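J.: After the C-alpha cells below, expect a handful of questions from me.
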Amino acid sequence: MKLVKKILLYEIHNTIRSKWVILYTFFFFLVGYGLFTFSGDVNKAYISLMNIIIIVIPLVSIIFGSIYFYNSREFIEMMLSQPIDRKSLFLGIFLGTAIPLSAGFALGFSIPFLLFGKVGQQIDGFILLLLIGVLQTFIFIALSFLISVKQDDKSKGLGLAILIWLVLAVVYDGIVLLVIYYFQDYPLENAMIILSALNPIDLGRILFLMKFDIAALMGYTGAVFQRFFGSSSGIIISFGCLFVWILIPFFLSSRFFKKKDF
Amino acid sequence: MITVKNLVKNFGKNKVLKNVNLTIDEGKVTAIVGPNGSGKTTLIKTILGLVRPTSGIIEVDGAQIKDDYLYRNKIGYMPQIARYPENLTGNEIISLIKSIRESNEYNDEEILSSLKLITEMEKPFKNLSGGTKQKISAVIAFAFNAKIIILDEPTAGLDPISSSYFKDLVMKQKEGKKTIILTSHLMNEVQELSDEIVFLLEGDIKFKGTVQSLLEDKKETKLERAIAELMSQNDPEKGVSHSGLSGISGHSLSDS
C-alpha cells in the first residue's frame with residue numbers, strides 16, 4: 001500500500017499539471033455558471049447539467065484514460081524495471097488518473113452550484129449528480145485501461161474506446177427502443193431494469209431522473225422504474241451496479257497487466 | 001551472476017527466443033550483439049521481468065526471478081527509449097525512484113555535473129530533448145550503486161562528448177566489479193568496453209566468448225569484421241562466405 005501511495009502522489013502531480021484537466025474543470029465551471037445564471041428554473045438547469053455530465057464525462061474519461069495509458073508505456077516500463085510489483089503500480093496509475101479527473105469535474109461543477117445553484121433547495125440532487133459524475137469517471141477510466149492493456153496498437157485502442165462510448169451513450173438506447181418495439185406485447189418492465197443496469201450511462205441517467213420525479217412522464221414503465229429505482233433498495237442496488245462497473249474492468253485489466261509483456 | 005536456462009519466448013507465432021542458455025559472469029562487461037529483431041532487447045527484458053518467458057528459468061544470484069520483484073534492487077536499467085511523464089521533472093522522478101528502492105546508497109553529483117544535467121533536472125520532461133532524457137535514464141541506471149547494470153543501446157541518442165563520458169563511466173563501474181550487460185550496434189564501442197560477447201541471431205546464441213577469442217578465431221583485428229563473418233557463416237542464403245558482409249557497412253551492424 002505504501003508503494004501505491006507513492007506512485008499515486010506522483011501520478012496526481014503529473015495529471016494535475018496537464019492542461020487537459022484544467023480545461024476540463026473550466027468547462028464544467030462555465031457550463032454550470034451559464035446554466036444556473038441564464039436558465040430561470042434551477043430544476044431545468046439540473047436536467048441540462050445531467051445530460052452534459054452523462055455524455056461528456058464518459059467520453060473524456062475513456063479518451064483521456066487511453067491516451068494517458070498509451071503515453072505512459074515507456075514510463076511504466078521504466079517503473080517496472082525498479083523493485084515494484086505490478087499490482088501496486090497499476091493501482092497507483094489508475095487512481096492517479098481517475099482521482100485528478102474526478103476532482104477536476106467536482107471542482108468545476110461545485111463552484112457555480114455553490115454560488116448560484118440555491119444550495120438549500122437541491123442539496124440531495126447536487127450530491128447525487130456529483131456522485132454519478134465521479135462514478136462515471138472511474139468506470140470509463142477503468143474501461144479505457146482495459147482497452148489499453150489488451151490492445152497494443154494506440155490508434156486501434158483509441159478507435160475501440162470511441163466505439164464503446166458511442167455504443168453505451170447512443171446506440172444502446174436505440175437497441176432498447178427496438179426491444180421495446182418488437183416485444184411490446186410482453187411485460188418488459190423487469191427486462192428494462194436489467195437492460196438499464198447493463199449500461200452505466202443509462203443507470204446514471206435513470207437514477208437522476210427518478211430523483212426529479214420525471215419518471216411519471218414515462219408511463220407505466222416509468223412507474224415500475226420509480227418503484228424500483230426510487231426505493232432505497234433500488235438506489236443501493238443501482239449504486240452497487242455502478243461499483244461493479246468499476247470493479248470488473250479494473251480487476252480484468254489488472255490481471256492482464258500482471259501478465260503483460262512490455 | 002545471472003543464469004538463463006532453456007529460455008523460450010514466443011510472441012504469438014513469432015519465436016523470438018529459442019532455447020537460450022547463458023551465464024553472465026560477475027564483474028564483467030557482457031555485450032549482447034546481433035541484428036535488429038534477433039532478440040537482444042527481449043532477452044534483456046526477460047531478465048528484468050518486463051517480458052514473461054514462455055518457458056525456461058532465469059536466476060539472479062542463484063534465486064529464480066519468477067514472481068519476485070525485489071531482486072530488481074540489484075539492477076540499474078537504462079532503456080533504449082527514454083520517455084517520462086511530461087509534466088514531472090527529473091528531480092521528481094529521481095526522488096520517486098529513491099523512495100522505491102531499498103538502497104540508501106545514492107550518488108548522482110558527479111554524473112549530473114559531468115553530463116551537464118544540473119540545470120535540466122528542474123525542467124518538466126516535455127521541455128527536454130531526447131538526448132537529455134536519455135542522460136537522465138543513465139543517472140537512474142548508475143546512481144543507485146546497483147551491482148548489475150543493464151544498458152540497452154545506451155549511446156544511441158547521446159552527443160559525442162556525453163557518449164565519451166558515458167564510456168568512461170562504464171569503465172569505472174567495471175573497475176568497481178559491477179556486472180554490466182550492454183547491447184549496441186556500434187561495434188567499436190562494444191570492442192572498447194566489453195570483456196565477453198554474446199552473439200544472438202534469430203533468437204539463438206551463435207557465439208559466446210571473449211572479444212579476443214572471437215578476433216583470434218576469425219583472424220581479424222576489428223570486431224565489426226569478425227561479427228560480420230559470424231553473420232555470413234550463419235546466413236543460410238550465403239553459406240560460408242568471406243566476401244559478403246550481410247549488408248553491413250560503416251559502424252553499424254544493422255542500421256544500414
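The values are calculated or read from the model by the stated rules, or taken from the named source; none is laboratory data. Because the structure is predicted, anything quoted here is derived from the model rather than measured. Here the Cβ is made from the backbone with ideal geometry for all residues, glycine too, and neighbour counts use every protein chain on show.
J.: Test residue B:42 against the criterion of being at negative phi, crowded, with 20+ Cβ neighbours inside 10 Å and modelled with pLDDT under 95, and give yes or no.
T.: Spelling it out, residue B:42 is indeed at negative phi, crowded, with 20+ Cβ neighbours inside 10 Å and modelled with pLDDT under 95.
J.: For the subset of the stretch B:81-110 comprising residues that are within 19 Å of the chain's Cα centre (by Cα) and surrounded by fewer than 19 Cβ atoms within 10 Å (Cβ to Cβ), which member is nearest to residue A:14 (Cα to Cα)?
T.: Looking at the filtered set, the residue picked out is B:83.
J.: Which of the residues that make up the stretch B:19-28 are surrounded by fewer than 15 Cβ atoms within 10 Å (Cβ to Cβ) and either more than 21 Å from residue B:146 (Cα to Cα) or within 14 Å of chain A (Cβ to nearest Cβ) (or both)?
T.: Within the stretch B:19-28, B:19, B:21 qualify.
J.: So residue A:80 fits all but one of (1) within 19 Å of residue B:87 (Cα to Cα); (2) crowded, with 20+ Cβ neighbours inside 10 Å; (3) at pLDDT 90 or above; what number is the exception?
T.: (1)
J.: Taking the options A:72, A:66, A:88, A:81, name whichever one is hydroxyl-bearing (Ser, Thr, Tyr) and more than 14 Å from every other protein chain (Cβ to nearest Cβ).
T.: Exactly one of A:72, A:66, A:88, A:81 is hydroxyl-bearing (Ser, Thr, Tyr) and more than 14 Å from every other protein chain (Cβ to nearest Cβ), namely A:66.
J.: Given the structure, is residue A:158 farther than 28 Å from residue A:230 by Cα and surrounded by 15 or more Cβ atoms within 10 Å (Cβ to Cβ)?
T.: yes
J.: Pick from B:120, B:86: which is of a type in the set (Asp, Glu), without any contact (Cβ under 8 Å) to a residue 40 or more places away in the chain and farther than 20 Å from residue B:4 by Cα?
T.: B:120
J.: Determine whether the stretch B:94-114 contains at least one residue that is closer than 18 Å to residue B:152 by Cα and basic (Lys, Arg).
T.: Among the residues of the stretch B:94-114, not one is closer than 18 Å to residue B:152 by Cα and basic (Lys, Arg), which makes the answer no.
J.: Taking the stretch A:180-193 on its own, how many of its residues are at pLDDT below 85, over 20 Å from residue A:234 (Cβ atoms) and part of a helix (DSSP H, G or I)?
T.: Within the stretch A:180-193, residues that are at pLDDT below 85, over 20 Å from residue A:234 (Cβ atoms) and part of a helix (DSSP H, G or I) number 1.
J.: Now a separate question. Could you list, in sequence order, the residues of the stretch A:63-98 that are aliphatic (A, V, I, L, M), in a helix (DSSP H, G or I) and in contact (Cβ under 8 Å) with a residue 60 or more places away in the chain?
T.: A:63, A:67, A:76, A:79, A:80, A:89, A:91, A:93, A:95
J.: For the stretch B:84-101, how many residues are over 16 Å from residue B:126 (Cα atoms) and at the interface with chain A (Cβ under 7 Å from one of its Cβ atoms)?
T.: 5
J.: A further question follows. Which residue, of A:49, A:130, A:101, A:114, is within 29 Å of residue A:198 (Cα to Cα) and surrounded by fewer than 20 Cβ atoms within 10 Å (Cβ to Cβ)?
T.: Just one listed residue meets the conditions, A:130.
J.: Across the stretch A:161-179, which residue is surrounded by the fewest Cβ atoms within 10 Å (Cβ to Cβ) among those that are of a type outside the set (A, V, I, L, M) and either out of contact with any helix residue (DSSP H, G or I) (no Cβ under 8 Å at 6 or more places or on another chain) or modelled with pLDDT of 95 or more (or both)?
T.: Here the residue is A:174.
J.: If a residue must be over 19 Å from residue A:80 (Cα atoms), outside any helix (DSSP H, G or I) and either in contact with a Phe, Trp or Tyr (Cβ under 8 Å, 6 or more places away or on another chain) or within 13 Å of another protein chain (Cβ to nearest Cβ) (or both), how many such residues does the stretch B:124-156 contain?
T.: Count: 2.
J.: Tell me which residues, restricted to the stretch B:54-83, are farther than 20 Å from residue B:22 by Cβ, within 7 Å of another protein chain (Cβ to nearest Cβ) and of a type in the set (D, E, K, R).
T.: Passing the criteria: only B:83.
J.: Right, something else. Can you pull out the residues in the stretch B:48-78 that are of a type in the set (Lys, Arg) and farther than 19 Å from residue B:152 by Cα?
T.: The answer is B:66, and nothing else.
J.: Can you find even one residue in the stretch B:9-16 that is part of a strand (DSSP E or B), modelled with pLDDT of 90 or more and surrounded by fewer than 14 Cβ atoms within 10 Å (Cβ to Cβ)?
T.: Looking for residues that are part of a strand (DSSP E or B), modelled with pLDDT of 90 or more and surrounded by fewer than 14 Cβ atoms within 10 Å (Cβ to Cβ), one finds at least one in the stretch B:9-16, hence yes.
Let's see how each residue does on (1) buried (at least 17 other Cβ atoms within 10 Å of the Cβ); (2) more than 28 Å from residue A:162 (Cβ to Cβ); (3) without any contact (Cβ under 8 Å) to a residue 60 or more places away in the chain:
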{"site": "A:2", "(1), (2), (3)": "no, yes, yes"}
{"site": "A:23", "(1), (2), (3)": "no, no, yes"}
{"site": "A:39", "(1), (2), (3)": "no, yes, yes"}
{"site": "A:43", "(1), (2), (3)": "no, yes, no"}
{"site": "A:53", "(1), (2), (3)": "yes, no, no"}
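J.: Right, another one. Looking only at the stretch A:1-53, how many residues end up being among the acidic types (Asp, Glu) and either outside any helix (DSSP H, G or I) or more than 10 Å from chain B (Cβ to nearest Cβ) (or both)?
T.: 1
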